[in-house]
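Please find one structure pasted underneath; my questions will follow.
The values are calculated or read from the model by the stated rules, or taken from the named source; none is laboratory data. Small disclaimer: the values here were computed from a predicted structure and weren't measured. With ideal geometry, Cβ positions are generated from the backbone for all residues, glycine too; neighbour counts draw on all protein chains shown. When the accessible area is computed, the model is the full protein with side chains, heavy atoms only, and any ligands, DNA or RNA have been set aside. Shrake-Rupley method; radii C 1.70, N 1.55, O 1.52, S 1.80 Å.
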Amino acid sequence: ARMAETENEDLTRTDRWLDAGAYRKNWAARSALMLELYDEVIPPLASDRPLRVAEFGCGAMAPVRALCAERGNTIVDRYDLKAWDQDVRQVDLNAPFQVPKEYDLITLSGVAEYLNDFKCVCATLLAASQVLAVSYAFPPVEARASDQAYLKTLRRRIVRHGWRSHHFLDEVMAALSTLGVVANVGIWNGQALFILRRRAFVKFQQHIMH
């Protein structure tokens, strides 16, 4: 019966993210670390204009917006499945979508596991931003030990979490490396964090340096 319910829900339960009570305050630590990793490798803007940030999958708490408010001189646009207020743009990343403007940084935190096509979504986001910060909860390397271990891991990810994307860490790294330059990495609660720069950004920096 449990599996039948999951199949009826198309193997994911994204509707739970429409409930403000589904979000945890401690997830802000993941977003904070992503911003720290960004600051470590991305130079400040040359001009005095605000840093343009898009928080995809902002949820009810919008941790990136809250953190950027403390940083100052930053404008954060929020995107989510649900319009939590009049300023949140509704978007379903499992359907065709476009990013309406250019950003300096786009964050995708706690979302990638629910995507039908992780690489395609990252490519679309990076095309609209100089930098993409993304988290990914990858299966443990032990799941590669046998078919039984792999299927057990998949069942937990699919049935318990409702996840659709199941790449191992090296596969995520390889996929992101085909889209841009992985400039920094980190780990938070078993999840990999990546700072991905658009290749045009790197060429521009090199041109300026030389």
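Would you rank MET34, MET173 by solvent-accessible area, highest first, keeping every protein chain in place and using a 1.4 Å probe?
In descending accessible area the options line up as MET173, MET34.
A follow-up question, please. Where the accessible area of the stretch 88-183 is counted over protein heavy atoms with a 1.4 Å probe, how much of it, in %, is carbon and sulfur? Display every interim value, and only then the final one.
Working: 2400 of 4420 Å².
That fraction is 54 percent.
Sorted by accessible area with a 1.4 angstrom probe, largest first, how do THR124, THR107 fall?
On the way: THR124 45, THR107 5 Å².
These residues rank, largest area first, as THR124, THR107.
How would SER109, SER177 rank on accessible area, largest to smallest, probe 1.4 Å?
Accessible-area ranking of SER109, SER177, largest first: SER177, SER109.
Under 5 Å between amide H atoms, partner at least 5 residues away or on a different chain: which partners does ALA183 have, H built in plane at 1.01 Å?
ILE195, LEU196, ARG197
Given H placed on each backbone N at 1.01 Å, which residues far from TYR103 in sequence or on other chains put an amide H within less than 5 Å of it?
It is SER129, GLN130, by chain and number.
Whole-Hz Karplus ³J(HN,Hα) for the stretch 45-61, in order, using 6.51 cos²θ - 1.76 cosθ + 1.60 and θ = phi - 60°, x for Gly and Pro?
4, 6, 9, 8, 5, x, 6, 9, 10, 10, 9, 8, x, 5, x, 6, 9
Collect residues whose amide H, placed 1.01 Å from N in the peptide plane, falls under 5 Å from the amide H of TRP188; neighbours closer than 5 in sequence don't count.
LEU193
Can you work out ³J(HN,Hα) from phi for every residue in the stretch 169-178, in order, using Karplus 6.51 cos²θ - 1.76 cosθ + 1.60 and θ = phi - 60°, giving whole Hz and x for Gly and Pro?
Here the 3J(HN,Hα) series is 4, 5, 6, 5, 4, 5, 5, 5, 5, 7 Hz.
Charges on Cβ only, +1 for Lys and Arg, -1 for Asp and Glu, centred on the Cα centroid of the stretch 115-178; of PHE138, SER177, HIS161, which one is farthest towards the dipole's positive end?
Of the listed residues, the answer is HIS161.
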